[in-house]
Amino acid sequence: MIKSNPVPKIVDHDERREELARAAVRAIDRLGLEGATMREIAKEAGFSTGILGHYFESKDDIVLGALGFMIGATLARLADISANLRGLKAAHEMAAELLPLDAQRAKENRVWAVYWAQALTSPRLRREYQKSEALLRGYLCEVLQEAIDDGELAQSVDAALEANRLLALSDGVSVQALFNRTFWTDARQVDAIDVHLDDLRARGAVPQPPKRRTRSAHTTPA
């Protein structure tokens, strides 16, 4: 009887890289950047360090891969909001999406906090962080401009400036909530966004029929 050779399993390399990046995020959340060694990340993923090394050449590469995965996941959620809402409703949902309002977003914010600290002394990480912040501001600026065009906000409102302020508010509330969930309940976090947007709305906007316009294309980092 002739024995047939087993068919080798086809590995989707992009899917495997994402799987390893997800594991790196979990390891960094649990152990911090220093504790999340190549060995620990491989263990978290359920693979050998050799497999991890096949996809990422060094610890820096896997750290950046994990950061890229988190940025991509966040931007995908904002893109979904942008596709279904506009103006102040979209701005509210986007800002709230950046807050640690559930287990997934709390984990992401904890890891972001780790990256922020490391980026202070790592030019490479700082550049990646700055790129991600620019993309987030771009989404917020677009929907705030929609709010101006639709008459939800006054024409005197500077969409770019207010996008910066809204992102800074979300970042600040997120950090505070990580350290003090007793005070920064989900309701208080969302209320901080609501109050800010209500203040913007109170600057003399005149309701107008919504204007249709083509959205700009946003790119997600690889």
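Bear in mind that the values in this text are calculations on the coordinates, not laboratory data. The structure displayed is predicted, hence computed values, not measured ones. Backbone-built Cβ (ideal geometry, glycine too); neighbour counts: all protein chains shown.
Remark: the chain carries a charge dipole of roughly 480 debye about the Cα centre, counting +1 on each Lys and Arg Cβ and -1 on each Asp and Glu Cβ. Counted by neighbouring Cβ atoms within 10 Å, the residues Met94, Met38, Met70 run from fewest to most as Met38, Met70, Met94.
In plain terms, the chain from Leu161 to Asp14 could stretch by 49.2 nm, reckoned as 0.36 nm per residue minus the Cα-Cα distance.
Ordered by the number of other Cβ atoms lying within 10 Å of each residue's own Cβ, fewest first, Lys131, Lys89 fall into the sequence Lys131, Lys89.
Among Ala76, Ala202, Ala90, the largest mean-square fluctuation in a Gaussian network model of the chain (Cα springs under 10 Å) belongs to Ala202. If R0 equals 25 Å, the separation of the Cβ atoms of Ala117 and Leu85 corresponds to a calculated FRET efficiency of about 0.15.
A Förster distance of 35 Å, applied to the separation of the beta-carbon atoms of Arg126 and Glu57, puts the FRET efficiency at 0.95. Against the set [x] 141; [y] 163; [z] 124, the structure's computed volume of the Cα convex hull per residue in Å³ falls on [y].
Counting Lys and Arg as +1 and Asp and Glu as -1, what is the net charge of the other residues whose Cβ lies under 14 Å from the Cβ of Asp29? Local charge sum for Asp29: +2.
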